[in-house]
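Written out below as structure tokens is the structure these notes cover.
The values are calculated or read from the model by the stated rules, or taken from the named source; none is laboratory data. Keep in mind the model is a prediction, meaning the values are calculated, not measured. Here Cβ is always computed from backbone atoms with ideal geometry, including for glycine, and neighbour counts include all displayed protein chains. Only protein heavy atoms, including side chains, enter the accessible area calculation; ligands, DNA and RNA are left aside. Shrake-Rupley method; radii C 1.70, N 1.55, O 1.52, S 1.80 Å.
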Amino acid sequence: MSPSMGAYHADEEDHQFHKGVKHLCEKGITKVPKKYILPVLERPNAGKDDGIFSNNDHNLMLPVIDFAQLQGSNRVQALHSLSKACEEYGFFQLINHGISSEVTSRMVQEGRKFFELPFEERSKEAAVNYSEQTKFLYMMLVEATLESLGLVGNTKSGNENESYLKEFEDGSQIIVVNCYPSCPEPDLTLGMPSHSDYGFLTLLLQDELVKGLQIQHQGRWVTVEPIPNSFVVNVGDHLEIFSNGRYKSVLHRVLVNPSQSRISIASLHSLPFSCAIRPSPKLINDANRKRYKDTDFASFMEYITSCEHKNKNFLESRKLDLIGK
């Protein structure tokens, strides 16, 4: 904590924290407040010397899925690529997605303008157009994902396909605009700690100029290379459960930058909050037994209010022990 901050009374200090990290940066801090310093083993460079969790030296180009090919004659090959990406990475970059750069750029601009407002004046931003277009894109991806799992497609009846998709169409959507201000000591903290997403699919519009998103891949943290005018799409906990473990919800985190702020916009999608999430019965057989407990939003809320969440992520708490069964 800087000397100037150390002069605050405790209640005034708490008030400053309540206003958020960006407010603290605007006050000119030169050190990360103790409140935000992570334990040594949770810091960005933890384990770098032994090569297990190195991050700065390893950048990753995610598998690229061309959305236009999903709609054309190469759909079968594109579905195979989608399935492979979900199984091996849990993430992919989506290009040629049909949402204009004007729409995405406007959303980023509005996000930046929102965080530039004084704390007292910030209010809910208008994102109706962006929300509607990402929801439409999500539904197209859901259909492709279900087809890649063999659950819908040309060989299925129209009614069967519609019943599967209807439930997703009525599902939840949450848009989160994240601002990661520049940080004077980026090795001591993270913009967002390691986590997997609670949901089915997340469509992330990441900052094209400032890197920060990292995923855990093959035992190490790697930084995702941005691709202009693309979405980073990742498998959420619900899709791993629904696919009975075939598609993976992968841990990811966000680094902070010492000199530049970063904006990202996440559109998180899933089934309705009232819906029970379970492995699809059509993906369970003698060779592939049920691997996850049925779950719902109430189970998630119970989990995060328990001590269990300090030792493992939510998805781990839903796995069934198949030993001896």
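Observations on the structure shown:
- Taking the average, over residues, of other Cβ atoms within 10 Å as the packing measure, peptides 89-97, 235-243 rank 235-243, 89-97 from highest down.
- Model label points for E225 and L322, set 7 angstrom from Cα along the Cα-to-Cβ axis, are 3.5 nm apart.
- Theoretical gain in end-to-end length, I174 to Y36 [0.36 nm per residue, Cα-Cα removed]: 47.1 nm
- Heavy-atom SASA rank of D66, D294, D321 (probe 1.4 Å, accessible area, largest first): D321, D294, D66
- Peptides 164-175, 263-274 ordered by average Cβ neighbours within 10 Å, highest first: 263-274, 164-175
- E125 - accessible surface, heavy atoms, 1.4 Å probe, Å² rounded to 10: 50
- Theoretical gain in end-to-end length, E162 to K135 [0.36 nm per residue, Cα-Cα removed]: 8.0 nm
- The mean sequence distance of close C-alpha pairs (under 8 Å, at least 6 residues apart), as a share of the length of the stretch 246-319, puts its relative contact order at 25 percent.
- Pair S194, C275: separation of 7 Å Cα→Cβ label points (nm): 3.0
- Ranking V224, V108 from most to least accessible surface, computed with a 1.4 Å probe over the protein chains only, gives V108, V224.
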